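Written below as structure tokens is the structure these notes are about.
The values are calculated or read from the model by the stated rules, or taken from the named source; none is laboratory data. Bear in mind that the values here come from a model prediction, so they are computed numbers and not experimental data. Because the Cβ atoms are built from the backbone with ideal geometry, glycine has one as well, and the counts that use them run over all protein chains shown. All accessible areas refer to the heavy atoms of the entire protein, side chains included, with ligands and DNA or RNA removed. Shrake-Rupley method; radii C 1.70, N 1.55, O 1.52, S 1.80 Å.
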Amino acid sequence: LLDRSDLVFIDPVSTGYSRPAPGEEAKQFHGYEQDIESVGDFIRLFTTRHNRWLSPKFIIGESYGTTRAAGLSGYLQDRYGLALNGLMLISSILTFQTARFTTGNDLPPMLFLPTYTATAWYHGKLDAALQADRDGAIQEAEEFALNEYNLALAKGASLSDEERAAIVGKLARLTGLSPAFVERSNLRINIHRFVKELLRDQGRTVGRLDSRFKGIDRDGTGQETEHDPSHSAISGAYTGAFNDYVRRELKFENDMPYEIISDLYESWDYSKHQNQFLDVAETLREAMSKNPFLKIFVANGYYDLATPFFATEYTFAHLGGDPGLR
């Protein structure tokens with residue numbers, strides 16, 4: 001991209017060095033609609049002031065940034081007539097039902113399973129047959145998740161003892177967890193418990209952003225990890241490198257802290273989405289229908305337990321719309 005495009009990095013309010021103007025409150029920007037509007041308005045202003053309306057425009061988002069990118073595809077088009085040429089979605093989450101382990105929502109246990117299998121394979125916790133072929137093991141997990149496991153979760157308490165025992169055995173085989181743990185989990189393995197349980201016998205935890213990383217907790221008997229070892233391993237090096245680069249090389253001198261990771265998710269305003277899961281997949285489908293030239297690139301990792309690849313595949317398989325747009 002570097003020799004073919006101009007890259008514009010945007011830090012939404014309360015991230016990076018971005019702060020509200022004096023006298024303004026940050027919380028007015030901290031919600032799905034508010035965030036889309038403020039970032040979308042910045043993009044329009046930048047495009048106008050730099051005379052780039054006729055330039056091809058692509059938006060790249062990662063994790064929650066993919067939620068924003070899909071939302072922007074609709075907002076920019078409908079509000080300003082600014083049609084994007086493409087979206088690049090890295091570690092995508094568009095339909096939050098696919099990742100929220102709430103009572104009555106059986107999608108996450110099914111969609112996280114192939115990543116559990118990939119993680120268990122990496123740490124050598126699968127049986128010999130599965131360890132011999134990572135991609136084959138993941139494919140087996142996908143097929144099991146969509147068929148037998150999906151049906152078993154749908155049956156709930158009507159599942160027979162024989163069927164339940166068979167599902168427990170297969171889940172244990174594909175996750176590297178003990179049958180007893182799978183049984184006690186009621187066939188629904190929460191990601192936060194998985195990262196704590198997989199290597200419990202070694203006194204180690206596995207990462208959420210990247211499950212290849214291992215960490216150590218004080219409490220080896222807890223249900224959840226004290227920290228994400230994959231984030232802890234990179235945050236110091238990344239933060240140090242960026243702060244040095246922006247001050248020494250870019251000559252941007254500011255004594256404010258550069259907010260690498262904020263806790264905005266704890267106070268984010270979802271008031272317009274009460275009693276439902278946020279879903280921007282439909283926004284993206286509509287944007288694609290209105291602009292059939294909009295290109296979508298999606299990248300996910302096998303070891304990502306924050307935004308599992310199978311959840312992304314599920315979302316796009318249920319996007320709807322004209323088959324030609326796929």
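Against the numbered list (1) over 23 Å from L89 (Cα atoms); (2) open to solvent by less than 70 Å² (accessible area, probe 1.4 Å); (3) modelled with pLDDT of 95 or more, L284 comes up short only at (1).
Which one of the conditions (1) within 29 Å of the chain's Cα centre (by Cα); (2) assigned to a helix (DSSP H, G or I); (3) closer than 25 Å to L305 by Cβ does A180 fail to meet, given that it meets all the rest? A180 satisfies every listed condition except (1).
Residues that are closer than 29 Å to A157 by Cβ and in contact with a helix residue (DSSP H, G or I) (Cβ under 9 Å, 6 or more places away or on another chain): does region 224-242 have at least one? Checked against the condition, which is being closer than 29 Å to A157 by Cβ and in contact with a helix residue (DSSP H, G or I) (Cβ under 9 Å, 6 or more places away or on another chain), region 224-242 yields at least one hit.
Quick one: would you say A237 is touching a Phe, Trp or Tyr at 6+ places or on another chain (Cβ under 6 Å), at pLDDT 90 or above, in a helix (DSSP H, G or I) and over 30 Å from T103 (Cα atoms)? Full working, then the answer.
On the way: touching a Phe, Trp or Tyr at 6+ places or on another chain (Cβ under 6 Å): no; at pLDDT 90 or above: yes; in a helix (DSSP H, G or I): yes; over 30 Å from T103 (Cα atoms): yes.
For A237, the condition - touching a Phe, Trp or Tyr at 6+ places or on another chain (Cβ under 6 Å), at pLDDT 90 or above, in a helix (DSSP H, G or I) and over 30 Å from T103 (Cα atoms) - is not met.
Evaluating Y245 against the criteria (1) open to solvent by 70 Å² or more (accessible area, probe 1.4 Å); (2) in contact with a Phe, Trp or Tyr (Cβ under 9 Å, 6 or more places away or on another chain); (3) aromatic (F, W, Y) leaves one unmet condition, (2).
Restricting to region 292-313, name every residue that is touching a residue at least 40 places away in the same chain (Cβ under 8 Å), open to solvent by 20 Å² or more (accessible area, probe 1.4 Å) and not basic (K, R). So that I can check it myself, show each step before the final result.
Let us first name the residues in region 292-313 that are touching a residue at least 40 places away in the same chain (Cβ under 8 Å), namely 293-312.
From what is left, the residues that are open to solvent by 20 Å² or more (accessible area, probe 1.4 Å) are 293, 295-303.
F293, I296, F297, V298, A299, N300, G301, Y302, Y303 - these are the residues of region 292-313 that are touching a residue at least 40 places away in the same chain (Cβ under 8 Å), open to solvent by 20 Å² or more (accessible area, probe 1.4 Å) and not basic (K, R).
Between S271, S267, S262, the distinction of being loosely packed, with under 11 Cβ neighbours inside 10 Å and either farther than 26 Å from G86 by Cα or at pLDDT below 95 (or both) belongs to S271 only.
Only one entry in I93, I36, I43 is of a type in the set (A, V, I, L, M, F, W, C), within 30 Å of D135 (Cβ to Cβ), under 25 Å from the mean Cα position of the chain (by Cα) and modelled with pLDDT of 95 or more, namely I93.
Determine if region 206-223 includes at least one residue that is in a helix (DSSP H, G or I) and either loosely packed, with under 13 Cβ neighbours inside 10 Å or touching a residue at least 24 places away in the same chain (Cβ under 8 Å) (or both).
Step one: filter region 206-223 for residues in a helix (DSSP H, G or I), giving none.
No: zero hits.
Consider region 182-199 and keep the residues that are closer than 22 Å to L151 by Cβ and without any contact (Cβ under 8 Å) to a residue 24 or more places away in the chain. The one that is surrounded by the fewest Cβ atoms within 10 Å (Cβ to Cβ) is R184.
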